[in-house]
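In what follows, a structure is listed as structure tokens, so that the remarks can point back to it.
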Amino acid sequence: MQIEQVRLQDKDMSVSLLNYGAITQGWWIDDTPLILGYGDPQAYLNDPFYHGAIVGRVANRIKGAGFDLEGTRYRLNPNESANTLHGGTEGLSRQIWTLQQLSDREAVMSYLSPDGEGGFPGEVRFVLHVSLNFPNLIYTITAQPDRPTPISIAQHNYYTLGSPVGVQDFSLRIDAGHVLETDAQGVPIGNLQDVQNTALDFTHPGRPGKNIDHFYVFDSDRDAQQPIAAIDAANGLGLRVFSDQAGAQVYSAGSLGAPFHAGAGLCFEPSGYPNAPNISAFPGMVFSPERPYHQTLTLKLTGT
């Protein structure tokens, strides 16, 4: 498979994008890598860790690889035990997108997902706009379905901020006082857990260990003009995350394997609530021709 690649540049910051999986292959300040990635684009064809990809149609986990919608039961592709993870075996991260570079600082990718792909109903046109505006990297994601269907997208960078150590070098703060309670397979069951006085509390800066893998529910009274999260490395580089989503999966890469090491990077993946199609109490993620999907993720580098 021939993979296309473009590179964006603004001042001393650059980004490499691939049309396979709408992947961000690399992000650098000068020669310092800010995310993990493979040098060879072909390596992503066999990558089990979703490095830099756009994941969906529904990010994260769906219990039992299925859901009910408007009186119909939809069966999905199970790819993590009996559950569906990141859209299953035919998810967005496994597709070839149409890639166009608009300028030195902008690119757009699009993908038309056919009705029934991965088991999901409806044809959906996905568009990803990537803009590099130093010191910001901005992802704008839209989806236009032809009928009601669940959609929840996440961007899956592993942030290193130039640290060869990874999460042990980081300080993390999140404006989130709760996480979603999960079952033994990591699937939310419908309850919120207060993080106060637990190892999951990052309402004040703390050091994430290698075993963080939870969906953090953003505080409802937060100021949308302020970053929802701050990640700071010991080398002085930092990341401020701005998101319009309900929460984010925070994963400290405890299961990451070769050629990388466990804890080498931190994933911060804003999206809708995992398993929402099966839990009526969760905010809905069904979108339609009259209500298309939209997400903006802004990453601001500090310390340069």
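Laboratory data are not the source of any read-out in this text; all were calculated from the coordinates shown. Source: prediction; values computed, not measured. Cβ: placed from backbone, ideal geometry, glycine included. Neighbour counts: every protein chain shown.
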Dividing the mean separation of Cα pairs under 8 Å (6+ apart) by the residue count of segment 180-304 yields a relative contact order in percent of 24
On average over all directions, what projected area in square nanometres does the chain have, based on the convex hull of its Cα atoms?
-> 14.6
Once phi is turned into ³J(HN,Hα) by the Karplus curve 6.51 cos²θ - 1.76 cosθ + 1.60 with θ = phi - 60°, what whole-Hz value does each residue of segment 131-145 show in order, with x for glycine and proline?
-> 10, 10, 9, 2, x, 10, 10, 10, 10, 10, 10, 10, 9, 10, x
Bins of 5 Å, starting at 0 and running to the largest distance - Cα pair percent for segment 88-229 = 2, 7, 12, 15, 16, 17, 17, 10, 4, 0
According to a simple spin-label model (label point 7 Å from Cα along Cα-to-Cβ), what is the distance in nm between residue 9 and residue 138?
-> 2.2
Mind sorting 111, 44 by how few other Cβ atoms lie within 10 Å of their own Cβ, fewest first?
-> 111, 44
In nm, the gap between the two label points placed 7 Å beyond Cα toward Cβ at residue 192 and residue 280 is 2.0
Which net charge results for the neighbourhood of residue 222, defined as the other residues with beta-carbon distances under 15 angstrom from its beta-carbon, given Lys and Arg at +1 and Asp and Glu at -1?
-> -3
With no solvent and one point on each alpha carbon, what is the Debye value of log10 I(q)/I(0) for segment 208-281 at q = 0.18, 0.23 Å⁻¹?
-> -0.84, -1.13
Cα-based convex hull, segment 156-304, per residue volume (Å³, whole number) = 133
After finding the eigenvalues of the alpha carbon gyration tensor for segment 24-113, what semi-axes result from the square roots of 5 times each, listed largest first in whole Å?
-> 30, 16, 11
Residues of type lysines that residue 63 reaches as a straight line, Cα spacing below 28 Å, ignoring anything fewer than 8 places off in the same chain = 210
Among 281, 248, 22, whose mean-square fluctuation peaks in a Gaussian network model of the chain (Cα, cutoff 10 Å)?
-> 281
Can you list the lysines whose alpha carbon sits under 17 Å from that of residue 300, skipping same-chain ones fewer than 8 residues off?
-> 11
